Amino acid sequence: VGALIAWCSVSLVWSISSGMTLRRLFVLYCVLLAALGTSRQLPLKQILWLTLLTNFGFLVIGFLAEVSLGTFRPWAGDHRFSGTLHPNTQGLNLAAMCFAALCLVRIRPDRRVFLWTVFGIGMVFIYLTKSRTSFLGMFVALAAIWSLSVPFLYKFSTVCVGVWFVSVVGLLFILAGTDITESASDAALMGREEQAESLTGRLPLWTELSNYADDRLLVGYGYESFWTPQHIDEVSSELGWGLREAHNSFLDAVLGIGLIGLFLALAMSGLALLQASNAAIKTKNPGYAFLVALIVFGMLNSFTESSMIMISFYTYLLATGIFHLALKPLDETDVLSTHLV
């Protein structure tokens, strides 16, 4: 963690926009300080409640905002629930809320009705955001939570049954004369057929940005300083649509802090994931399973969005979890039960 923060700070020396880097570093320091304080003062159980109640508050406020403005129209094909945020950012918060609710069920069984209700509401609204990455990542992260609490043989059997089931369903579609490729494509687009180019448009964007990345491959353009007005105008003009991010956290990291910075970030995330997984298996504390879900979901989201390289409530939660893993060694009080969820 310290090495990554230091590298981001040193990038001010070669930044192409020192003013922008300085401002972004100040925000980064504030968020990291808040995350550090939270991790030192709150146990994992309280961090789960903080995640759930805060994000549920965001959801309620966003829902009321859309209703009052008359923009909450889930029956309309082009509607994406956003509330007071971008739909993709809302999807991040809702996913974190669902992870927290699921893990709290085991800690507070007396609140299971409330927690399962929150989980169900969160799943519905994640679907309404029509954020494809969040929706898919949600299920992968939930599978990661589940995999921490069951024996290997059970996991292997479940995977085999799942593959068999998918194969049978696919065969039935083929026998019925259904175009399974088209059906799968429609399902993946989640009703956003008119925005299908947002998926295919990423490849030319990444190709274009890779040319910029090659010029400063090792060190980047300075922390959060690549997207200057000049670069925004150049890239947008070349591709024919306005943007200010790479829609890929890994590429945005290379543009900002280079391959060295990306390596430090991946090393930190990998070590945190390994430590959280080991702690979850050893202590059976659902709080560690929550941290595993946050990291797995964040890594998946990084492939198609730049959210993990930006400051948000989700990245604040990630930082809080990583600080907790780094500063608080395991003890016997972490052992809560024999199952995670």
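Read-outs: derived from the displayed coordinates by stated rules, not from any lab. Remember, predicted model here, so these are calculated numbers, not experimental data. Glycine gets a Cβ as well: all are built from the backbone with ideal geometry, and neighbour counts include every protein chain shown.
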What list of ³J(HN,Hα) couplings, whole Hz, do you get for the stretch 286-295 from phi and the Karplus terms 6.51, -1.76, 1.60, once you set θ to phi - 60° and write x for glycine and proline? x, x, 6, 4, 4, 5, 4, 4, 4, 5
With 16 Å as the cut-off, how large is the P(r) tail for the stretch 216-257, expressed as percent of Cα-Cα pairs? 34
Across the stretch 98-106, in residue order, what do the Karplus-derived ³J(HN,Hα) couplings come to in whole Hz, using 6.51 cos²θ - 1.76 cosθ + 1.60 with θ = phi - 60° and x for Gly and Pro? 5, 4, 5, 4, 5, 6, 6, 4, 6
P(r) weight above 21 Å for the stretch 9-157, C-alpha pairs, percent: 58
Globularity ratio of the stretch 94-144, using Cα Rg and 2.2 N^0.38 Å: 1.12
Interchain or sequence-distant (5+) residues whose placed amide H lies within less than 5 Å of the amide H of SER149 are none
According to the square roots a ≥ b ≥ c of the eigenvalues of the Cα gyration tensor, what is the shape class of the stretch 24-79, taking rounded for a/c under 1.5, prolate for a/b larger than b/c otherwise, and oblate for the remainder? prolate
log10 of Debye I(q)/I(0), alpha-carbon scatterers only, for the stretch 205-341 at 0.15, 0.16, 0.19 Å⁻¹: -0.76, -0.82, -1.03
For the stretch 262-305, restrict the atom set to alpha-carbon positions and state the Rg and Dmax in Å. 11.1, 34
Integer Hz, Karplus 6.51/-1.76/1.60 couplings in order for the stretch 27-38, x for Gly and Pro: 4, 4, 4, 4, 5, 5, 5, 5, 5, 4, x, 4
So if R0 is 45 Å, what FRET efficiency would TRP241 and LEU50 give, r being the distance between their Cβ atoms, rounded to the nearest 0.05? 0.75
